[in-house]
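Below: one structure, written as structure tokens.
The values are calculated or read from the model by the stated rules, or taken from the named source; none is laboratory data. If you're wondering where the values come from, they're calculated on a predicted model, not measured in any experiment. Every residue, glycine among them, receives a Cβ derived from its backbone with ideal geometry; neighbour counts consider all protein chains shown.
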Amino acid sequence: MVTDQVCLECIKRTAERAINKLKINEPQKKNIVKNINLLLEKIDKTYSPIEINFEVFSKISSLSGIYDPLKELKEQSNLNAYQLLPYVKEEKRKSKDVLFSLIKAAVAGNIIDFSIDKEVNLQKTLKEVLKSNFAINDYKLFLEKLKDAKKVQLLTDNAGEIIFDLELLAFLQKRLNKKVIIITKRYPFSNDITLKEVKTLTKKIKLKGKIISINNKNYQNYKNEIKKKLDNKAVVISKGQGNYELLSDEKLNIFFLLMMKCPIIAKEIGCNVGDVVFFQK
């Protein structure tokens, strides 16, 4: 994906929102914003948006001196989602297609993302998505691929939504006898879930599965390593926009599951901002 001015403005807004959530004084915040703006002015425009985000959040962490700048936000997102798990389980109990309902819950969770411009009511969003249709829906194809696969790999995205992702994986493991593998970042990056948090949450939800952590200190290493871990015999569920940017050209059994937040990607795949999509490219 090519970076244009729209992407840079979005990255800038996201960075400023992250900086405003830091527990540091105002002069420090202003200094970090100034440095991020300079970085974005000088950044190589051939970099992809996700590559630029790696640079930006590394800079925020180093300038603030905070290893995990959005730790508290992630914890609150996980708590908010966990409190809605009984509702998801009740909807699952009433559903005629449990797997489809859990996929919908997982994509509804994808809106728990501070990078979008408006505050969200997760419970309202969850109810709306469970009742709505996917703008792009490859669920039937997913079922066909799933039938022949022994393994399902999940590429994680944000904190919060991981709660619903794990509920989906638990169903695939316990009801459909699939081996589940979670691929996640090793170190803090924005509000994305990390290895440490996944380990804690899988125990809480009582999910047994292999967890693969990817070294995300450097974008290029991260990109290369994550591609090596993808299994061409597995069905891969890829959560969120960042993973789409990273893997949209890969010729594997990857199903992208996300709520559309980017007008450029929406135009590319043929939907609108705000749509929920589940598709194989």
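For Val2, the conditions (1) exposed (fewer than 13 other Cβ atoms within 10 Å of the Cβ); (2) at pLDDT 90 or above all hold with the exception of (2). Here Lys42, Lys12, Lys89 are screened, and the one residue that is in contact (Cβ under 8 Å) with a residue 24 or more places away in the chain, within 29 Å of Leu247 (Cβ to Cβ) and of a type outside the set (Gly, Ala, Ser) is Lys12.
Among all residues of region 52-59, there is at least one that is in a helix (DSSP H, G or I) and small (Gly, Ala, Ser). Does region 64-87 hold any residues that are surrounded by 15 or more Cβ atoms within 10 Å (Cβ to Cβ) and hydrophobic (A, V, I, L, M, F, W, C), and which are they? Scanning region 64-87 gives Ile66, Leu70, Leu73, Ala81, Leu84, Leu85. One residue stands out among those in region 17-40 that are at pLDDT below 95 and assigned to a helix (DSSP H, G or I): the one that is surrounded by the fewest Cβ atoms within 10 Å (Cβ to Cβ), which is Asn20. Scanning region 60-77 for residues that are over 25 Å from Met1 (Cα atoms) and in a helix (DSSP H, G or I) turns up Ser61, Ser62, Leu63, Ser64, Lys71, Glu72, Leu73, Lys74, Glu75, Gln76, Ser77. The residues of region 162-180 that are buried (at least 19 other Cβ atoms within 10 Å of the Cβ) and either in contact with a strand residue (DSSP E or B) (Cβ under 7 Å, 6 or more places away or on another chain) or free of Cβ contacts under 8 Å to residues at least 40 places away in the same chain (or both), listed by number, are Asp165, Leu169, Leu172, Lys178, Val180. Look at (1) in contact (Cβ under 8 Å) with a residue 24 or more places away in the chain; (2) surrounded by fewer than 17 Cβ atoms within 10 Å (Cβ to Cβ); (3) within 18 Å of the chain's Cα centre (by Cα) and you find that Lys208 fails only one, number (3). Quick one: in region 229-245, which of the residues that are modelled with pLDDT of 95 or more and buried (at least 20 other Cβ atoms within 10 Å of the Cβ) is farthest from Ala108 (Cα to Cα)? Taking the candidates together, the pick is Ala234.
Among the residues of region 99-120, not a single one is within 18 Å of the chain's Cα centre (by Cα), without any contact (Cβ under 8 Å) to a residue 60 or more places away in the chain and not assigned by TED's automatic domain parsing to the domain that holds Tyr187.
Residue by residue, here is whether (1) farther than 24 Å from Arg17 by Cβ; (2) touching a residue at least 24 places away in the same chain (Cβ under 8 Å); (3) buried (at least 16 other Cβ atoms within 10 Å of the Cβ) holds:
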{"position": "Lys185", "(1), (2), (3)": "no, yes, yes"}
{"position": "Leu195", "(1), (2), (3)": "yes, no, yes"}
{"position": "Tyr222", "(1), (2), (3)": "no, yes, yes"}
{"position": "Met259", "(1), (2), (3)": "no, yes, yes"}
{"position": "Asn272", "(1), (2), (3)": "no, yes, no"}
